[in-house]
Amino acid sequence: MAELFINAGHRLSKVNKEIQGQFSEHLGRGIYGGIYVGENSDIPNENGMRKDVVQALKAIRVPVLRWPGGCFADEYHWMDGIGPKEKRKKIVNTHWGGVTEDNSFGTHEYYELVRQLGCESYVNGNVGSGSIREMSEWVEYITMNGVSPMADLRRQNGHEEAWTLNFLGVGNENWGCGGNMTPEYYANLYRRYQTYVRQYDPDHPVRKICGGPNVDDYDWTDTVMKTCFSRCPAGQHGFMDGLSLHYYVHPGGWENKGSATDFDENTWYQTMKKTWYMDELIRRHGAIMDRYDPDKEVGLVVDEWGGWYDVEPGTNPGFLYQQNTMRDALVAGITLNIFNKHSDRVKMAAIAQMINVLQSVLLTEGDQMIKTPTYHVFDLYKDHQDATLVESSLTTHTVGTGENLVPDLSESVTIDNQGRLQITLTNLDPDHDIPVDIRILDHATSKVDAEIVTGEMHEKNTFDDPERVTKKAFAGVFKTERGLHLVMPAVSVIHITAE
Ligand code: AHR
């Protein structure tokens, strides 16, 4: 028996909706085929965007979409992707499969997608092979409403009004594919680049995301925070609003990631242990950030996370196409709970990647589309968006094999603007159902609703069997004198709303 204690009267940090963000790169079928099929496609589309995909993404309330990369961002020259499509440059996507990139999805198409999704924009600029001028002019092209060379060019290309640029990434993985820089070099370059990110629309300032560490490179965080963090006088912007962190779960390590679908119990626990490592990373990078920024003005932005396995047999190794099982549902549920619990510092995140690449929420094949177990977990968690974290703690048992020992359960609890408690719980134990007694202080529960994603650990959706793993109503939550009681099935993610 586990016990969950909730103190609804003790409100902590806001859980920014952006924590449930998505990332789409020009990689494999992430954009082309997955989202964008062009206006002339037989696949039903609106201005080239797949209708089935947009509808499914709207249902989970995608709050923000990071684009165009990834490693691709530091080779992307935005001017290649504007103007008449037949005149756009055809380039080689050197990072991802060496395929031809025809630039038919560029800035205007991205903003059309953002419009259809009703989400915020997060554009990643090019530091690695671009210039300060190029990045500065991209910001001008997107956000300048008056008369200026870039605003005029945007109008010539058919878009009168400026768009909003909510977030700008100043390079990507600058320690690796984004230029192989040292932290000292990047930090100084960041200071220069961000200087020329002009705020043309004071009502919607561009928030600047500084390139952060690779996994546990704490020296990077320290150097960059020391060099780039600046307090801002009231009404002005400091040098940075966020620091990115990238961390992927490769069960057997980078060289031996393993199959997405065929794994044993040891690999299951290995995956879960690596998933829980996110908690340590956030604590340790957060502690360094606290030294420079005790008021937590700068968000930790985990803008690439998720499971990364071997590609599906027979698919292009450069396309990173992988299946998605209940294991991924647990990776997503645990990670999103960790983010919620650290929402005082984690202000935004983006799972990699939205469609057809790595731990996707959707997979497509021609005109077919399926929702993955990960999709259904995002569906369960969406009511946390912009709610307030409340104090909670959970008793857990350690389970696992060999060195791979982990807590069996995870949780996070928020209170939404209607005063409802939103509780999410995960049980990663593949063999045991676990009774959970919930004690709630400072909240009189009149009504309970619950929904669940569960299945045997290898279960997945396929194009032949698309509904094997779905979100289902869960009738197993009962009111008690002290709060609630339920039994969590083995391998499950549950969302409870207590009104
Ligand atoms: O998401 C795939 C790649 O992983 C991204 O392009 C890069 O930023 C990271 O290494």
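Every read-out reported here was derived from the displayed coordinates using simple, explicitly stated rules and does not represent laboratory data. Here the structure is a predicted model, which is why all the values come from computation and not from measurement. Positions of Cβ are generated from backbone atoms using ideal geometry, with glycine treated the same way; all protein chains shown enter the neighbour counts.
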Please give the helix 326-341 orientation as an angle from the longest Cα principal axis of the chain, in degrees from 0 to 90, rounded to the nearest 10. 80 degrees
Compute the helix-to-body angle for 107-117: its Cα long axis versus the longest principal axis of the chain, expressed 0 to 90° and rounded to tens. 30 degrees
How many angstrom lie between the Cα centre of the stretch 286-364 and the Cα centre of the stretch 151-202? 22 Å
Once you put a point 7 Å from the Cα of ASN40 and another 7 Å from the Cα of ASP264, both along the Cβ direction, what distance in nm separates them? 5.3 nm
Contour excess over end-to-end distance, with Cα ends at LEU405 and LYS90 and 0.36 nm allotted per residue: 108.5 nm
If amide H atoms are modeled at 1.01 Å from N in the peptide plane, then the residues at a separation of 5 or more from GLY483, or on another chain, having amide H under 5 Å from its own are ILE440
Nearest 10 degrees, 0 to 90: what angle lies between the long axis of helix 132-143 and the longest principal axis of the chain (Cα atoms)? 70 degrees
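Per-residue ellipticity at 222 nm for the chain, helices alone: DSSP H runs ≥ 4 residues times -39500 (n - 2.57), over residue total, nearest 500 deg cm²/dmol?
Values: 9 runs with 117 residues, N = 499.
Using -39500 (n - 2.57) per qualifying helix, the result is -7500 deg cm²/dmol.
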For ASP80 and ALA287, calculate 0.36 nm times their separation in residues minus their Cα-Cα distance, and state this gained length in nm to one decimal. 70.4 nm
Between GLN418 and PHE478, what is the label-point separation in nm under the 7 Å Cα-to-beta-carbon projection? 2.7 nm
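Go ahead and run the numbers for FRET between LEU441 and GLU161, Cβ-Cβ distance against an R0 of 56 Å, rounding to 0.05.
Values: r = 49 Å, r/R0 = 0.88.
With R0 = 56 Å, the Cβ-Cβ based efficiency is 0.70.
Where does the stretch 391-498 land on Rg(C-alpha)/(2.2 N^0.38 Å)?
Working: Rg = 15.1 Å, N = 108, 2.2 N^0.38 = 13.0 Å.
Compared with the compact-globule rule of thumb, the stretch 391-498 sits at 1.16.
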Using 0.36 nm times the number of residues separating ASN188 and ASP344, minus their current alpha carbon distance, what extension gain do you get? 53.4 nm
